[in-house]
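What follows is a single structure, written as structure tokens, with notes after it.
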Amino acid sequence: MNKNKFPDNFYWGASTSAYQCEGGWNEDGKTPGINDIIENTPQNSEISDFKIASDHYHRWKEDVALMAEMGLKMYRFSISWPRINPAQGVYNEKGLKFYDDLIDELKKNNIEPLVTMFHFDTPIWLQDMGGWANRIAIDEYYKYCEVLLKRYSKKVKYWQTINEQNMYVLAAAVISKTPTQAKDAWQGNHHMNLGQVKVIKLCHQITDCKIGPAPNISAVYHETSNPEDKIAAQTLDAIRNWMFLDPLCYGRYNSLAVNYLKSKDLMFKIEKGDLELLKDPMSRPDFIANNYYCSTTVRKPNDEDLKIEKTGDQHNIKSSFGAFAQTKNKFLKTTQFGWEIDPIGFRITLRDVWDRYHLPIVITECGIGCREKLDKDGKIHDQYRIDFYESYLKELAITINEGVEVFGFNPWSCFDLVSTHEGMEKRYGFIYVDRGEFDLRTLNRYKKDSFFWYKELIKNNGSNL
Ligand code: BGP
């Protein structure tokens, strides 16, 4: 295979998540998820809530038609847990039917669905019981996933268990909009692992599907060759990256991360039998889905850093109990929202993940968030997005040619949707959605320049890069 070529049958796709695009937040039996109570939190009153979002719940047919026109081979989306499971023990037929219709429409258009079972939208009834920190979440998640597998496994081949578990734990307050103590978040992490190994095993027992986790793994650099900076980087690597893949891929916890948690009094409770559950060979994933946006650079913390525990946002974990301090990388430019643009970091990340676990990889998020307005000609000329993807995809082609097995690329996002913590102001889509932060306007769809660029790229299987 030549450099810059992608494998045949490579899945060129695009990505969304339910709470950020669907809307229809209380329709047809849906209960609120934790993100639907956003207006209750003062720090978030400046951005849109998720009640209407991109109105995909009503416009899904039009959206799938646009995906088909773009030539997508895969669509990665999430099923809304609160739409399917509005109360404990209750499963909502109207919610299930919505995804039946969506999946059927995708299949009709030869678009392979890649379904996320849980993408940040814990149902409010479960959150009221303590959310993931309550052990009951293991069984509730398992029962909900069992409903999904039984219903859709004949038509959905690829499943993701949990989206960005690491960000859900490390940036809990930003994502779930609920104050979460770090210790509870790590306890929740343990429960997520147990829920996932049970669901992966079930999937292997009752279906022919492929299933894997979808963390956000990304390269961590040390600022200088000072060995103490390297230690800081290793620590962040352990608690940001490997702590979330080792339990699923190796069946054991990462010891550096566990030592860190113990030293900070954050260690979670492990009950009898838990570690055996993790070890079960039937519970190993078939692939790793990775979301990549930017890299992080850190150094040894100084006295000032030791005083603060700062989260930043879900991709910038600024410092943590004195283990490291995030610093600027002078070699990298950033997006309008301050995230490092680092295509080589993308390659480094994929090489690391492959080297460590030797499992096929699918990219399920990657993209650039920008402020955008329709031009007078009714268009969005987003050459910056095209440049961004070209640089990332050139590195991806090299990585694949270096022997790393990657079977798909699903950039974030298919169409504009509400950013997790920066609202409508931060747009990622190939398709523009006409709405403002609070003004819903027409909600009509417009194809950006990147839409046509991606269509051409897919048609050529990336050979025109
Ligand atoms: C990931 C999430 C997505 C999405 C994306 C972009 O963490 O899986 O849900 O939000 O990041 O982040 P943001 O919306 O904050 O720009």
Task: Number of the condition not met by THR224 [criteria: (1) buried (at least 17 other Cβ atoms within 10 Å of the Cβ); (2) of a type in the set (Ser, Thr, Tyr); (3) assigned to a loop (DSSP other than H, G, I, E, B); (4) more than 16 Å from the ligand (Cβ to nearest atom)] - done: (1)
Task: Exclusive hit being within 17 Å of ASN464 (Cα to Cα) and free of Cβ contacts under 8 Å to residues at least 24 places away in the same chain, set ASP387, ASP377 - done: ASP387
Task: helices (runs of 4 or more DSSP H) lying entirely in the stretch 36-133 (those with 1 or more residues that are surrounded by fewer than 18 Cβ atoms within 10 Å (Cβ to Cβ)) - done: 56-70, 93-108, 124-127
Open item on the list: Out of the residues in the stretch 355-385 meeting the condition of being touching a strand residue (DSSP E or B) at 6+ places or on another chain (Cβ under 6 Å) and closer than 21 Å to ASP286 by Cβ, tell me which one is surrounded by the most Cβ atoms within 10 Å (Cβ to Cβ).
Closed with: THR364
TODO: Could you tell me which numbered condition GLY188 fails, if it satisfies all but one of (1) away from the ligand (no atom under 16 Å from the Cβ); (2) closer than 23 Å to TRP354 by Cβ; (3) part of a helix (DSSP H, G or I)?
DONE: (2)
Task: Only one of TYR253, TYR260 that is assigned to a helix (DSSP H, G or I) and either without any contact (Cβ under 8 Å) to a residue 12 or more places away in the chain or not small (Gly, Ala, Ser) (or both) - done: TYR260
Task: Enumeration of residues in the stretch 150-185 that are among the acidic types (Asp, Glu) and either under 17 Å from ASP274 (Cβ atoms) or away from the ligand (no atom under 16 Å from the Cβ) (or both) - done: ASP184
TODO: Using the structure shown, decide if ASP128 is out of contact with any strand residue (DSSP E or B) (no Cβ under 9 Å at 6 or more places or on another chain), away from the ligand (no atom under 16 Å from the Cβ), acidic (Asp, Glu) and modelled with pLDDT of 95 or more.
DONE: no
Task: Hits in the stretch 399-423 (condition: surrounded by fewer than 22 Cβ atoms within 10 Å (Cβ to Cβ), more than 10 Å from the ligand (Cβ to nearest atom) and not in a helix (DSSP H, G or I)) - done: GLU402, GLY403, VAL404, GLU405, PHE407
- [ ] Out of the residues in the stretch 334-376 that are within 16 Å of the ligand (Cβ to nearest atom) and aromatic (Phe, Trp, Tyr), state the one that is modelled with the highest pLDDT.
- [x] PHE346
- [ ] Tell me which residues, restricted to the stretch 134-148, are surrounded by 20 or more Cβ atoms within 10 Å (Cβ to Cβ) and of a type outside the set (Asp, Glu).
- [x] ALA137, ILE138, TYR141, TYR144, CYS145, LEU148
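The values are calculated or read from the model by the stated rules, or taken from the named source; none is laboratory data. Just so it is clear, the model here is predicted, and its values are computed rather than measured. Don't worry about glycine lacking a Cβ; one is built from the backbone with ideal geometry, like all the others, and counts go over all protein chains shown.
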